[in-house]
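*Asks:* Could you have a look at this structure, given as structure tokens, before my questions?
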Amino acid sequence: MEERNTLQKTIIHRTLCNMRGQHPTATAVYTEVHKDHPTISRSTVYRVLARMAEEGKILRLELAASDTRYDGQTMPHSHVRCRVCGTVADIPAVEMRAPSATAGFTLEDCTVISRGLCPACRKAEAF
């Protein structure tokens with residue numbers, strides 16, 4: 001059964017897309033949504049983001065030592081995360097070939113997340 005496209009979903013998706021480049025957590029999306037739409041609950045935001053990620057309408061970024069983040073940009077691209085402050089940024093897609101051996105796994109997805117220092121942290125370390 002197909003789920004309806006409600007006004008709440010539209011608001012949540014638009015809010016995420018307006019936060020482009022920030023790769024926000026569900027809590028950050030909720031905070032933004034709540035400013036103009038205080039009747040939309042936190043659980044609704046979390047549920048809608050999870051469902052949109054399952055449907056491929058948005059990206060869910062599972063980063064080590066970090067809360068799940070979301071990205072409204074679904075065109076192929078990779079991410080880089082600052083090892084000091086945790087900032088996440090988009091970078092051009094990294095081309096990869098499927099491995100010849102998969103340890104018996106059926107591969108479904110591959111995400112490339114690079115690590116390094118963002119410009120602000122690099123500047124701070126220089127002092």
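Each value in this text was obtained by applying a stated rule to the coordinates, not by laboratory testing. The structure displayed is predicted, hence computed values, not measured ones. Cβ coordinates were reconstructed from backbone atoms using ideal geometry, including for glycine residues, and neighbour counts include every protein chain displayed.
*Asks:* If you project the alpha carbons of the chain onto the principal axes, what extent comes out on each, in Å, largest first?
*Replies:* Extents along the principal axes, in whole Å: 48, 43, 23.
*Asks:* Taking 25 Å as R0, compute the FRET efficiency from the Cβ-Cβ separation of Ser114 and Asp36 and round it to 0.05.
*Replies:* On the way: r = 35 Å, r/R0 = 1.38.
The computed FRET efficiency comes out at 0.10.
*Asks:* Shifting gears a bit: Given Cα pairs under 8 Å that are at least 6 residues apart, what percent is the relative contact order of the range 10-54? Kindly include the intermediate steps, with their values, before the conclusion.
*Replies:* Details: 24 pairs, mean separation 18.3, N = 45.
About 41 percent, as a whole number.
*Asks:* Taking 0.36 nm per residue of sequence separation and subtracting the Cα-Cα distance, how much length would be gained by fully extending the chain between Met96 and Arg47, in nm to one decimal? Can you show the working numbers first?
*Replies:* Working: separation 49, 0.36 × 49 = 17.64 nm, distance 3.18 nm.
Contour length minus the Cα-Cα distance gives 14.5 nm.
*Asks:* Now a separate question. Report the label-to-label distance for Arg83 and Ala64 in nanometres (one decimal), using points 7 Å from each Cα along the Cα→Cβ vector.
*Replies:* For the pair Arg83/Ala64, the computed spacing is 1.0 nm.
*Asks:* Let me know the charge dipole size of the range 44-127 about its Cα centre in debye, to the nearest 20, where only the beta-carbon of Lys, Arg (+1) and Asp, Glu (-1) is charged.
*Replies:* Charge dipole of the range 44-127: 280 debye, to the nearest 20.
*Asks:* For the range 56-127, what value does the Rg/Rh ratio take when both radii are computed over Cα atoms and Rh is the Kirkwood radius, given to two decimals? Please report the intermediate quantities before stating the final value.
*Replies:* Working: Rg = 14.7 Å, Rh = 14.1 Å.
Taking Rg over the Kirkwood Rh, I get 1.04.
*Asks:* If you take every DSSP beta bridge fully contained in the chain, what fraction is antiparallel? Give it as a percent rounded to 5. Let's see the in-between values first.
*Replies:* Numbers: 8 of 12 bridges.
Percent antiparallel among DSSP bridges in the chain is about 65.
*Asks:* Efficiency by 1/(1 + (r/R0)^6): what FRET value for Thr25 and Lys123, r their Cβ-Cβ distance, R0 = 25 Å, to the nearest 0.05?
*Replies:* Details: r = 25 Å, r/R0 = 1.01.
In this case the efficiency is close to 0.50.
*Asks:* Along the charge dipole of the chain, pointing to its positive end and built from +1/-1 on Cβ of Lys, Arg, Asp and Glu, which listed residue (Gly116, Met75, Ala50) has its Cα farthest out?
*Replies:* Result: Gly116.
*Asks:* Across all directions of projection, what mean area in square nanometres is found for the Cα convex hull of the range 1-70? Display every interim value, and only then the final one.
*Replies:* Values: hull surface 19.3 nm².
The Cα convex hull of the range 1-70, projected and averaged over all directions, gives 4.8 nm².
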